[in-house]
Amino acid sequence: MYRTISGDTFDLIAHKTLGDDKLAGVIIEQNIEHVETLIFTAGVYLKIPDLPDVDLSTSLPPWKLGDASD
């Protein structure tokens, strides 16, 4: 669970809790009753899903992996 502070948005909450603002959609899916909320007031409790651990070496595009000769 995450308790909002005034001014929170789904993308900001995703960044704070999951480390990536692009994961806002998974938080919205778990809190569909707030789908129309753009900016939260303080004190709203949201469910934050547990995400499986991802092996970054297989999920990153080649240009993000770096050069093995570095």
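Each reported figure results from applying straightforward, stated rules to the coordinates on display, with no laboratory input. Keep in mind the model is a prediction, meaning the values are calculated, not measured. Cβ sites come from the backbone with ideal geometry, for glycine too, and all protein chains shown count toward neighbours.
Count of the stretch 3-16 residues, restricted to those that are surrounded by fewer than 16 Cβ atoms within 10 Å (Cβ to Cβ) and touching a residue at least 24 places away in the same chain (Cβ under 8 Å), is 5. Kindly provide the set of residues from the stretch 1-33 that are among the hydrophobic types (A, V, I, L, M, F, W, C) and either farther than 13 Å from Leu46 by Cα or in contact with a helix residue (DSSP H, G or I) (Cβ under 9 Å, 6 or more places away or on another chain) (or both), ordered by number. Answer for the stretch 1-33, where residues must be among the hydrophobic types (A, V, I, L, M, F, W, C) and either farther than 13 Å from Leu46 by Cα or in contact with a helix residue (DSSP H, G or I) (Cβ under 9 Å, 6 or more places away or on another chain) (or both): Phe10, Leu12, Ile13, Ala14, Leu18, Leu23, Ala24, Val26, Ile27, Ile28.
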